[in-house]
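Colleague: One structure coming up, written as structure tokens, with questions to follow.
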Amino acid sequence: MKILFIGDIYGEPGREILKNEITNLKNQYKPNLIIVNGENAAHGRGITKKIYKEFMEMGIQMITMGNYTFSNRELVNFIDDETINLVRPCNYYEAPGVGYKVINYNGKKVLIINAL
């Protein structure tokens, strides 16, 4: 299994680079699973639902977060939705959302966990 992990997509410039390059990366590396770190996707302030959807439309399968997870309060409105593919740091014990997810890919279980 090939996993492409892209770290720290920062703000609009980072999102634009990802949008412009994701097809090339998919063609070059042929990943089975694409994960990005989105904790700074909203100009260094977490992630919004709109940005989350943009990432999913690009073919990103999972988003990890970090210490800026809750810098944008909009995330609180959707982080508990069990259908989203987003994990906050697992050592933020009392925070909303989940610190890990198990996803199925071609009959195999893949654990995505995020820790600070």
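Colleague: Looking only at the range 92-115, count how many residues are assigned to a loop (DSSP other than H, G, I, E, B), over 15 Å from the mean Cα position of the chain (by Cα) and in contact (Cβ under 8 Å) with a residue 12 or more places away in the chain. I'd like the intermediate steps shown before the answer.
Modeller: Step one: of the range 92-115, the residues assigned to a loop (DSSP other than H, G, I, E, B) are 92-99, 106-107, 114-115.
If we keep only those that are over 15 Å from the mean Cα position of the chain (by Cα) as well, we get 92-96, 106-107.
This time we only want the ones that are in contact (Cβ under 8 Å) with a residue 12 or more places away in the chain, so: 92, 95-96, 106.
Looking only at that region, the number is 4.
Colleague: Is the range 59-74 home to any residue that is at pLDDT 95 or above, small (Gly, Ala, Ser) and either in a helix (DSSP H, G or I) or buried (at least 18 other Cβ atoms within 10 Å of the Cβ) (or both)?
Modeller: Checked the range 59-74: no residue is at pLDDT 95 or above, small (Gly, Ala, Ser) and either in a helix (DSSP H, G or I) or buried (at least 18 other Cβ atoms within 10 Å of the Cβ) (or both).
Yes or no, residue by residue, for (1) more than 18 Å from residue 114 (Cβ to Cβ); (2) in a helix (DSSP H, G or I); (3) not hydrophobic (A, V, I, L, M, F, W, C):
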| site | (1), (2), (3) |
| --- | --- |
| 4 | no, no, no |
| 12 | yes, yes, yes |
| 17 | yes, yes, no |
| 20 | yes, yes, yes |
| 26 | yes, yes, yes |
| 34 | no, no, no |
| 43 | yes, no, yes |
| 50 | yes, yes, yes |
| 54 | yes, yes, yes |
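Colleague: Out of curiosity, is residue 33 on the phi < 0 side of the Ramachandran plot and either at pLDDT below 95 or under 13 Å from the mean Cα position of the chain (by Cα) (or both)?
Modeller: So residue 33 fits the description; yes.
Colleague: Identify all residues within the range 75-91 that are farther than 13 Å from residue 62 by Cα, surrounded by fewer than 19 Cβ atoms within 10 Å (Cβ to Cβ) and touching a residue at least 24 places away in the same chain (Cβ under 8 Å); write none if there are none.
Modeller: Scanning the range 75-91 gives 77, 78, 90, 91.
Colleague: Considering the range 97-116 alone, what residues qualify as being loosely packed, with under 10 Cβ neighbours inside 10 Å and modelled with pLDDT of 90 or more?
Modeller: Listed by number, the residues that qualify are 102, 109, 111.
Colleague: Let me ask you something else. Could you tell me whether residue 83 is modelled with pLDDT of 95 or more, out of contact with any helix residue (DSSP H, G or I) (no Cβ under 7 Å at 6 or more places or on another chain), under 27 Å from residue 109 (Cα atoms) and β-branched (Val, Ile, Thr)? It would help to see each step written out before you state the result.
Modeller: Numbers: modelled with pLDDT of 95 or more: no; out of contact with any helix residue (DSSP H, G or I) (no Cβ under 7 Å at 6 or more places or on another chain): yes; under 27 Å from residue 109 (Cα atoms): yes; β-branched (Val, Ile, Thr): yes.
Taking the combined requirement at face value, the residue does not satisfy it.
Colleague: Mind checking which pairs have a first residue in the range 41-57 that is modelled with pLDDT under 95 and a second that is surrounded by fewer than 21 Cβ atoms within 10 Å (Cβ to Cβ), Cβ under 6 Å, 6 or more apart or different chains?
Modeller: Pairs that qualify, where the first residue is modelled with pLDDT under 95 and the partner is surrounded by fewer than 21 Cβ atoms within 10 Å (Cβ to Cβ), are 43/11; 45/71; 45/72; 46/68; 46/71; 46/72.
Colleague: Something else about it: Filter the range 41-59 down to the residues that are within 18 Å of residue 22 (Cα to Cα) and touching a Phe, Trp or Tyr at 6+ places or on another chain (Cβ under 9 Å) and list them by number.
Modeller: 41, 52
Colleague: Next question. Here is a check on your reading of the model: is residue 10 surrounded by 17 or more Cβ atoms within 10 Å (Cβ to Cβ) and in contact with a His (Cβ under 9 Å, 6 or more places away or on another chain)?
Modeller: Against the criterion (surrounded by 17 or more Cβ atoms within 10 Å (Cβ to Cβ) and in contact with a His (Cβ under 9 Å, 6 or more places away or on another chain)), residue 10 qualifies.
The values are calculated or read from the model by the stated rules, or taken from the named source; none is laboratory data. Note that the structure is predicted; figures quoted are calculated from it, not measured. Here the Cβ is made from the backbone with ideal geometry for all residues, glycine too, and neighbour counts use every protein chain on show.
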